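No value in this document is a laboratory result; all are computed from the given coordinates. For clarity, every value in this text was computed on a predicted model and none was experimentally measured. All Cβ positions, even for glycine, are placed from backbone atoms using ideal geometry, and neighbour counts span all protein chains on display.
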Amino acid sequence: MSRPGDSFFLALLLGGHDFVRLVNTFDLSLECSMAAVLVVFFLFARYYRVVIHQSLRSMGIGFCLYSCFRAFNDSILQSALRSYSATWNLVDEVTYLATLVLFASAVYALQPRPVQKKVNLLSGDVYSEFIPHVNERLTRLNERLTQLLKSRAADKI
């Protein structure tokens, strides 16, 4: 496995002292590192029969595919920097959007489903007896708040 420091030194060595290539090479090495780690993780999980929830597996596959496509794009961009840059931007945007769709579907699958509980309503007689008392209390509360606001307004004058 490579470390970020190794990726940086690889970028310095292969970048050719061109800032654009340096950043591109650094990005290429990081994306290759991330893709390799994810592939090794999935192989480990398969070999040891580790059960991975479907949505988490989708997110891992999304990260791996995104890193692979980014590495592919960066390697092509290094060889044909000027003629490929517009196409590279388009492919990069499509890759990003496809990864977002994959992540959104995984997060949606992780959301717990609400449990439908049966609501037991009281009889209409109970509500018809209860509503006049509630209305009376709300009217008194409204009157108190009106008096309170009038007294505060009078104190400010």
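Protection proxy ranking of 57-63, 121-127, 98-104, by the mean of other Cβ atoms within 10 Å over each peptide's residues and highest first, is 57-63, 98-104, 121-127. Using θ = phi - 60° in the Karplus curve 6.51 cos²θ - 1.76 cosθ + 1.60, the 3J(HN,Hα) couplings for segment 139-156 round to 5, 5, 4, 4, 5, 4, 5, 5, 5, 5, 5, 5, 5, 5, 5, 5, 5, 6 Hz; x is entered for Gly and Pro.
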